[in-house]
Amino acid sequence: MTSTERGIAAAEAHSAHNYHPLPVVVAYAEGAWMTDVEGRRYLDMLAGYSALNFGHGNRRLINAAKAQLDRVTLTSRAFHHDRFAEFCAELAALCGKDMVLPMNTGAEAVETAVKTARKWGYRVKGVPDGRAKIIVADNNFHGRTTTIISFSTDEEARADYGPYTPGFEIVPYGDLAALEAAVDEDTVAVLLEPIQGEAGVLVPPPGYLRGVRRLTAERGVLFIADEIQSGLGRTGRTFACDHEDVVPDMYVLGKALGGGVVPVSAVVASADVLGVYRPGEHGSTFGGNPLACAVALEVVAMLRSGEFQQRATELGEHLHQELGLLVGGGAVEAVRGRGLWAGVDIAPAKGTGRQISERLMDRRVLVKDTHGSTIRIAPPLVISKEDLDWGLDQLRAVLA
């Protein structure tokens with residue numbers, strides 16, 4: 001057996017089979033490149049679903065983590081620590097909000113947003129107890145907890161996990177009229193991804209987010225933007241909502257906030273929303289820990305420079321121009337996305353998304369499929385134009 005085969009066999013023997021990874025075992029990574037246990041180099045065109053926006057082993061982020069490791073890594077929120085206040089202030093300022101509630105994973109942040117919206121609905125809006133409703137979109141992906149999969153339309157993610165959590169209504173994504181019809185006096189929030197990542201990088205119709213913002217403001221409903229994948233530079237702006245000059249009531253952040261170093265997530269909102277909490281009503285042992293705050297502070301500082309948003313804009317225009325040339329030739333049926341983020345629908349005659357991903361892996365490019373026929377392209381924002389072009393050349397070769 002090769003080192004790769006041994007590694008995969010060992011993993012399958014002792015771990016639950018809840019993932020179907022490509023058959024590569026990564027041992028080292030830097031920038032936009034990963035090296036496997038056999039010494040083969042691969043171009044990372046997935047970036048950990050946007051968790052690695054700043055690349056593998058980014059020195060600024062690694063140095064920030066190393067410096068904090070020598071000081072203190074965890075206090076729990078039982079005590080204050082000297083990185084927490086600065087982290088909350090800087091992240092709130094980046095979002096143009098007042099308050100931050102830090103957690104660890106994206107799913108935790110979404111759960112926190114759901115709890116916050118309900119508590120706000122009861123304490124501020126005056127919805128009768130037990131009747132709060134949150135409106136979500138079909139094809140959403142907000143995480144995998146029992147509450148979150150309760151409002152998923154993906155049967156693979158949802159099946160065999162009932163009974164499901166009530167209090168959610170699902171409407172078609174991008175359909176403002178359907179959303180308006182669903183809002184009633186018990187509605188406390190609308191929870192949306194500004195761009196749906198797992199669904200295949202689905203971009204809503206122009207003006208949709210502005211319409212959601214207008215409707216929720218008029219009806220006294222919170223607009224919650226799940227920017228876990230779309231936020232923090234991926235689309236060429238700090239937030240995907242920025243493309244329509246929309247500011248939601250609540251940002252849900254994760255993935256890139258931890259710089260690919262540690263899990264960091266957060267809900268960011270105004271004081272009249274997050275101010276509904278009192279001590280003991282919600283928390284997390286590791287949420288807002290010193291190590292997380294140190295890394296996330298460096299992420300915020302990097303985003304403040306605008307460098308990464310600019311790279312995503314410029315390289316993203318090039319990416320979409322090149323991918324657009326593949327449409328209509330019998331290999332690619334459609335391309336969607338924004339910035340350095342694209343969903344590519346493969347023509348069935350060329351193979352499934354999984355098969356195309358495997359063929360690309362054989363040519364040393366790593367992407368991931370979704371929903372059968374789609375591959376997602378989302379390289380680290382630090383990728384060079386030359387490396388991006390090389391990766392696209394491999395895609396052309398696979399589809400030829």
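The values are calculated or read from the model by the stated rules, or taken from the named source; none is laboratory data. All values reported here derive from a predicted model rather than from experimental measurement. Cβ coordinates were reconstructed from backbone atoms using ideal geometry, including for glycine residues, and neighbour counts include every protein chain displayed. Quick note on the areas: whole protein, heavy atoms, side chains included, nothing else; ligands and nucleic acids left out. Shrake-Rupley method; radii C 1.70, N 1.55, O 1.52, S 1.80 Å.
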Quiz prompt | Residue under evaluation VAL398, criteria (1) open to solvent by 10 Å² or more (accessible area, probe 1.4 Å); (2) within 20 Å of ALA51 (Cα to Cα), criterion not met | solution = (2)
Practice problem: Within region 1-25, count every residue that is open to solvent by 70 Å² or more (accessible area, probe 1.4 Å) and in a loop (DSSP other than H, G, I, E, B). | Solution: 7
Self-check item: Contacts under 8 angstrom Cβ, first residue in region 376-400 being more than 13 Å from MET45 (Cα to Cα), partner of a type in the set (Lys, Arg), 6 or more apart
Solution: ALA397/ARG363; VAL398/ARG359; VAL398/ARG363; LEU399/LYS350
Quiz item: If you check VAL344 against the conditions, is it of a type outside the set (Lys, Arg) and part of a strand (DSSP E or B)?
Solution: yes
Quiz prompt | Members of region 372-389 that are part of a loop (DSSP other than H, G, I, E, B) and over 15 Å from SER50 (Cβ atoms) | solution = GLY372, SER373, SER384
Exercise. With the condition kept exactly as written, say whether any residue in region 295-305 is closer than 17 Å to LYS115 by Cβ, touching a residue at least 40 places away in the same chain (Cβ under 8 Å) and not small (Gly, Ala, Ser).
Key: no
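So that you can scan it fast, the table gives a plain yes or no per residue for (1) surrounded by fewer than 22 Cβ atoms within 10 Å (Cβ to Cβ); (2) assigned by the TED database to the domain that holds VAL268; (3) touching a Pro at 6+ places or on another chain (Cβ under 8 Å); (4) modelled with pLDDT of 95 or more:
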residue	(1), (2), (3), (4)
TYR49	yes, no, no, yes
THR75	yes, yes, yes, yes
ALA85	yes, yes, no, yes
ALA93	yes, yes, no, yes
ALA117	no, yes, no, yes
GLY121	no, yes, no, yes
VAL124	yes, yes, no, yes
Quiz item: So, in region 132-161, of the ones that are in contact (Cβ under 8 Å) with a residue 12 or more places away in the chain and part of a helix (DSSP H, G or I), which residue ends up most open to solvent (accessible area, probe 1.4 Å)?
Solution: THR146
Self-check item: region 14-27 residues that are over 13 Å from ARG40 (Cβ atoms) and not assigned by the TED database to the domain that holds ASP44, paired with ones that are open to solvent by 70 Å² or more (accessible area, probe 1.4 Å) and of a type outside the set (D, E, K, R) (beta carbon under 7 Å, 6 or more apart)
Solution: none
Quiz prompt | Yes/no for TYR164 being part of a loop (DSSP other than H, G, I, E, B), out of contact with any Asp or Glu (no Cβ under 8 Å at 6 or more places or on another chain) and either open to solvent by 10 Å² or more (accessible area, probe 1.4 Å) or polar (S, T, N, Q) (or both) | solution = yes
Self-check item: Any hit, region 213-224, residues being closer than 30 Å to ARG354 by Cβ, under 17 Å from the mean Cα position of the chain (by Cα), of a type in the set (Val, Ile, Thr) and buried (at least 19 other Cβ atoms within 10 Å of the Cβ)
Solution: no
Exercise. Taking ARG234 as the residue in question, decide whether it is charged (D, E, K, R), open to solvent by less than 10 Å² (accessible area, probe 1.4 Å) and modelled with pLDDT of 95 or more.
Key: yes
Practice problem: Determine if region 274-291 includes at least one residue that is open to solvent by 20 Å² or more (accessible area, probe 1.4 Å) and touching an Asp or Glu at 6+ places or on another chain (Cβ under 7 Å). | Solution: yes
